[in-house]
Amino acid sequence: MNTLNNYPVAQEQMLYQIMKTEFAVIDTSLYLNTHPDDQIALMNHRALSQRLSLLIDQYERLYGPFTPKGQSRYCWEFVNSPWPWEISYQGGMK
Amino acid sequence: MWVYEKKLEYPVRVSGPDPKLAKTIITQYGGPDGELAASLRYLTQRYAAPINEAKATLTDIGTEELAHMEIVGAIFWKLIQGATKEQIMEAGLDPHYVDHGCNPFYVNGSGDSWDAKYIQTKGDIIVDLYEDLAAEEKARITYERLIQLSDDPLVNDTLKFLREREVVHFQRFGETLRITQEWKERKKFF
């Protein structure tokens, strides 16, 4: 019955970097919605958002599409498991 | 529109099977103060929002709540993996298992189906924002009670993240209310 899976540690670590960075982007953008003129927050958001794009680019080059908009080379890798609710999140979190 | 990203907003880890805990946590999936209710409430309040800050805030928080629903669903599913028949029966999760297998469903902790009567939009942004502030507080206290009841430190780690987001959303809705009220005041001097 136990169907929890692991990505290879390197992949999970990279996914975890994306999760951390994207959370910071989500939180800053939500703050900016009610503080659209806050220059420091804008600067932070810009830096985080650039970092996130880079991380997703790197991840997709190695492991295939992160979203249906991502590109795949030989076969459509978007379908590959594990899906987010199946990952054990034990390997890459440190 | 929305685009799926193959990740959770925050990792979901469990220490082991605990169907009893799963049965209480499901209320944040499909209960009155749960994430489905939150998301659907905010997203349908957007249309009558008169100012851009409110449209953006309702859209982004409504979207984040969908991601939280996915997190709660993952907690439920993981807590049932590896559970024995006895554990399922003992937890009173057997009717759920018969109807839905191990999938989460849109019910509260007592098994009652999700109901649109949990939520409202009045078509007036000030009134709606007051409902949203209350909703975030109700969700916050629900997570606090779940954390009280849970003995699983890994599940609690995720529940603490979700609780913290309710606090942040409350803050952002409060700012949105203030900005909207200031905008209404200004309009009198046209």
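The values are calculated or read from the model by the stated rules, or taken from the named source; none is laboratory data. Bear in mind that the values here come from a model prediction, so they are computed numbers and not experimental data. Ideal geometry is used to build each Cβ from the backbone, glycine not excepted, and the neighbour counts take in all protein chains shown.
Name the residues in the stretch B:51-110 that are of a type in the set (Phe, Trp, Tyr) and in contact (Cβ under 8 Å) with a residue 60 or more places away in the chain, would you?
Passing the criteria: B:105, B:106.
Here is a check on your reading of the model: is residue A:62 more than 8 Å from chain B (Cβ to nearest Cβ) and modelled with pLDDT under 95?
For residue A:62, the condition - more than 8 Å from chain B (Cβ to nearest Cβ) and modelled with pLDDT under 95 - is met.
Give the stretch A:55-77 a look and list any residue that's surrounded by 13 or more Cβ atoms within 10 Å (Cβ to Cβ), free of Cβ contacts under 8 Å to residues at least 24 places away in the same chain and assigned to a helix (DSSP H, G or I), or say none.
Of everything in the stretch A:55-77, those that are surrounded by 13 or more Cβ atoms within 10 Å (Cβ to Cβ), free of Cβ contacts under 8 Å to residues at least 24 places away in the same chain and assigned to a helix (DSSP H, G or I) turn out to be A:60, A:77.
Condition check: of a type in the set (Ser, Thr, Tyr) and in contact with an Asp or Glu (Cβ under 6 Å, 6 or more places away or on another chain). Does residue B:180 satisfy that?
Answer is no for this residue.
Return the pairs, sorted by first residue and then second, in which the second residue is charged (D, E, K, R) and outside any helix (DSSP H, G or I), the first residue lies in the stretch B:6-28 and is within 30 Å of residue A:63 (Cα to Cα), the beta carbons are less than 8 Å apart, and the residues are 6+ apart or on different chains.
B:14/B:152; B:15/B:152; B:16/B:152
Quick check on residue A:81: is it in a loop (DSSP other than H, G, I, E, B), modelled with pLDDT under 95, more than 9 Å from every other protein chain (Cβ to nearest Cβ) and surrounded by 13 or more Cβ atoms within 10 Å (Cβ to Cβ)?
No; evaluated as a whole, the condition is false for this residue.
Name the single residue that is surrounded by the most Cβ atoms within 10 Å (Cβ to Cβ) among those in the stretch B:68-109 being more than 10 Å from every other protein chain (Cβ to nearest Cβ) and assigned to a loop (DSSP other than H, G, I, E, B).
Of everything passing the filter in the stretch B:68-109, B:93 is surrounded by the most Cβ atoms within 10 Å (Cβ to Cβ).
Taking the stretch A:1-10 only, how many residues are within 11 Å of chain B (Cβ to nearest Cβ) and surrounded by 15 or more Cβ atoms within 10 Å (Cβ to Cβ)?
Selection size over the stretch A:1-10: 2.
How about the stretch B:37-67: which of its residues are part of a loop (DSSP other than H, G, I, E, B) and within 12 Å of chain A (Cβ to nearest Cβ)?
Result: B:49, B:51.
What about residue B:114, is it surrounded by fewer than 18 Cβ atoms within 10 Å (Cβ to Cβ), touching a Leu at 6+ places or on another chain (Cβ under 9 Å) and more than 18 Å from residue B:166 (Cβ to Cβ)?
When the stated conditions are applied, residue B:114 does not pass them.
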